[in-house]
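Notes follow the structure.
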Amino acid sequence: MFSHICKAGLRSHIFTYMSPECCACIWDEIEEDFSRSYRNLKQREQLFLSYCSENGISYEALEEEVGTYVPDVMGRWKRGTVVDSNTENAPLIPECMEMELGFDSGKYPAEIPEKEALTEFVMECHIQVYAKRWEDFNFEIVMLRNQEGSGTDIAALISCYDEMAFFEKGKPCRQADILPANATINDYFLQYIKDGYRIEYMSVSIHSAIWEELSYERPEYLKRNQKEIQMYMEFCRKQGVTKEGIEQILECNIPDFMEIWQSMEKKPAEKKGQQDRREKKR
């Protein structure tokens, strides 16, 4: 797994940066593998540690950066751990990890002002998903927030079959099962919009799930999140997302939340128009 990442990275400059937080997270995962009596260190992980060694990355340096305990897997590796070179069960990683990898139909949002920051973030995500043994993964949501004086914050939701994980720039990923009970995908992405993020990318399957969830939400929920939902609806209009388009791609039936939302928007406007007409008659 890591062998392909390192080879591709050293040859084509894809593996150019990894935050200390993500590096420490991978060291933790390698340490877990060390503790399993039936499994020795894989060749791909050796190559990753070789990369760390060549770039002066040590557990002491990582602990200083992240402010928490980091296992000394480098020391254990250098003390002569037996290598299991059988990578039969490891996901096959492309020789060149294109940025479109994991995006529906290759719709990678390349033409944006923050493309350099997004490229670094996507590469970091690729490294983490392969560390999780996720082969057939998919970016579901990508959101950005420009912070004056501190660059661009980026967040993403990535799935692999029935599993989902949250990713934020410069941080280890978090499993989706950490969400509070009864929380939905809507709660996740609407909160990010409240926090100043904008939607840059969303998969068709997540559009479908969101339209389904929002269509059956209570009116008070929609009213409470009116501003954020309106921003999402504007994103859908600009991207040409429609009920017919979603159904055609996924071969499913979903409620037409766009129509539901438009009818909800009309009611206050119609009510205000009636009040204005009554006042004019007076």
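Highest first, please rank the peptides 24-32, 258-266 by the mean number of other Cβ atoms sitting within 10 Å of their residues.
24-32, 258-266
Volume per residue, Å³, of the convex hull around the alpha-carbon atoms of segment 97-206?
Normalising the Cα hull of segment 97-206 by residue number yields 108 Å³.
Could the peptides 57-68, 244-255 be put in order, highest first, of the mean number of other beta-carbon atoms found within 10 Å of their residues?
Averaged packing, sorted descending, gives the order 57-68, 244-255.
Kindly rank 140-152, 157-169 from highest to lowest mean number of other beta carbons found within 10 Å of each residue.
157-169, 140-152
Which entries of 132/169; 194/223; 238/266; 107/227; 115/223; 243/266 show an alpha-carbon separation above 23 angstrom in the structure shown?
Over 23 Å apart, Cα to Cα: 107/227; 115/223.
So who's got an amide H within less than 5 Å of the one on residue 98, skipping anything under 5 residues away but keeping other chains? H placed 1.01 Å off N, in plane.
Here the answer is none, since no amide H 5 or more places off falls under 5 Å of that of residue 98.
Between the alpha-carbon centers of segment 242-266 and segment 208-230, tell me the distance in whole angstrom.
Measuring centre to centre over Cα atoms gives 13 Å.
Read-outs: derived from the displayed coordinates by stated rules, not from any lab. Predicted, not measured: the structure shown is a model, and the values here were computed from it. Cβ: placed from backbone, ideal geometry, glycine included. Neighbour counts: every protein chain shown.
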